[in-house]
Amino acid sequence: MGDHVSRRGFIAATTSAGVGLALARVGQAADKPAALGGKPVRGKGYASWPMITTETEKLVGEVVESGRWYRSRSVDEFEEAFAKINQAKYCVATASGTSALLTSLGALGVGPGDEVIVPPYTFMATVSVVLVHYAMPVFVDSDRETFMMDPGKLGAAINERTAAIVPVHIGGSAADLDSILAIAKGPGVPVIEDACQAHLGQWRKRGLGTWGTSGCYSFQVSKNLCSGEGGAILTNDEAMANKCFAFHNCCRPYGRSSAGVAYDGGRNTNARITELQAALLLGQLPHVEQRAKTRAENAAYLSSMLREIPGIVPARLYEGCTRSAYHLYMFRYEPEKFANLPRNKFIKALRAEGVPCSDGYGPLNKAGFIRDALNSRGYKRVYGEAAIKDWAERNACPENDKLCEEAVWFMQNMFLGPRSDMDEIAAAIRKIHAHAAALASA
Ligand SMILES: *Cc1c(COP(=O)(O)O)cnc(C)c1O
């Protein structure tokens, strides 16, 4: 508490006098853009990722020395802790986020002839796991304001073949869980949350990934909590926990649950996590809450500044999203408000100012790997050529196509520094805005 107060005091002290200082330090909008030979707003990089701590080194060293490399007490300890911080009853750690999703769908018995509803604005793994189960991906278009699956278009996509809905909490903000869960409830379709980017993100103050039948996390190295590779499934449903455990571990029963809960799904795999990965995760757990808070505070401050710049539209959070994990900070860029400076030139100019950014995802519903999978022998046999032929047309996502042309991202590690880092980002964008015409014709 004392910490909190002094931090607030510090911020208050730096905002009035500090803004002037920050502007002097980062340059006025009148300065020449770095892309045109001026001085970059930021000369140094951002916090490197992953962050290595001595606790992590110690815990990993202990596992190495013990020879206890196979799924054992470090994994148990991590599962318990991760369930707890998200207010979930059960956690099954897995080899990756992809295998957490694959396992969740496997536990539901998803297979050939089933349909699985997915959003188009996500990493490919959300859809690749559907294809591994020989189910049919059905895309529901994005809401460009929030970058999430548009719940207004979800109902029309559900039919008697729908085996699961996989909303993605993209960037670590929440999909509209109230609407999605309400729509899924009528026909009784399970919801599997892809929370692979959403560590410590919340919906109505409770962890993302704890609202559906299960929620899936990734600990791939770029993620806000990471172990190189790794993943986890959260659930409050004991039967689901057992099925997931069995699916991911060669049909073996869940060690900590009552014996005799049989998994009748048959299909299974080895998607186990190791003790070494669990040690890496345990070493970082003491820091995740503070990091999540810092990212959210910095992101909110940045949004308050960026909303004032014409042509910059930060992704809107749903009212129920009480905390975004801000794995990605996403906004839409409108070139017409920047003297028609194309997005790729805007990104180049921003990078030249020392602010790394990217143009994000392409339209996933048009990805070559989906087309190839659907045109494979197995798919043609299960679904028939006609259904495959008009799949692309049935899965058009015009709003998402536009979104993919407008989006700009910052990565999570840029939000772990002081608030003045946000002033720099805003100053760099203001500078580009002021010189947009010159940048467009350069
Ligand atoms: C990272 C990610 C995955 C896959 O996780 P891996 O651990 O890389 O297998 C799935 N969905 C989303 C949205 C992701 O960002």
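Where a number appears in this text, it was derived from the coordinates with a stated rule and is not lab data. On a predicted model such as this, the values are computed, not experimentally measured, just so you know. Cβ coordinates were reconstructed from backbone atoms using ideal geometry, including for glycine residues, and neighbour counts include every protein chain displayed.
Below is a table of values for the structure above.
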quantity	calculated
Distance in nm between pseudo-label sites at residue 289 and residue 76 (7 Å out along the Cβ direction from Cα)	2.5
Reachable aspartates and glutamates, given that their alpha-carbon falls under 20 Å from the alpha-carbon of residue 205 and they are not under 8 places away in the same chain	80, 176, 178, 193, 194, 237, 289, 297, 319
Relative exposure of 364, 416, judged by other C-beta atoms within 10 Å (fewest first)	416, 364
Qualifying aspartates and glutamates (Cα of each under 12 Å from Cα of residue 32; at least 8 residues distant if same chain)	353
Paramagnetic reach from residue 36 in segment 401-442 [backbone N under 11 Å; point 7 Å along Cα→Cβ]	432-442
Residue order, fewest to most surrounding Cβ atoms within 10 angstrom, among 345, 44, 380	44, 380, 345
Hz values of 3J(HN,Hα) by residue in segment 129-144 - Karplus curve (6.51, -1.76, 1.60), Gly and Pro given as x	5, 5, 5, 4, 8, 6, 9, 9, x, 10, 8, 10, 4, 7, 8, 5
Footprinting exposure proxy for 415, 123 (fewest neighbouring C-beta atoms within 10 Å first)	123, 415
Approximate spin-label separation residue 348-residue 387, in nm, with each point projected 7 Å along Cα-to-Cβ	4.6
With Cα atoms, 0 to 90° folded angle of helix 238-248 axis to the chain main axis	90
Charge dipole magnitude, Cβ of K and R +1, D and E -1 - segment 54-282, Cα centre, debye nearest 20	320
Gain in span if fully extended, residue 54 to residue 250, counting 0.36 nm per residue against the direct Cα distance	67.1 nm
Cβ-derived FRET efficiency at R0 41 Å, residue 319 paired with residue 68, nearest 0.05	0.35
DSSP bridge orientation in segment 54-282 - percent antiparallel, rounded to nearest 5	55
Of 84/153; 84/223; 185/380; 366/402; 84/185; 153/185, pairs whose Cα-Cα distance is over 23 Å	84/153; 185/380; 84/185
Trypsin sites (Lys or Arg not before Pro) restricted to DSSP loop in segment 130-207 with at most 11 other C-beta within 10 Å	205
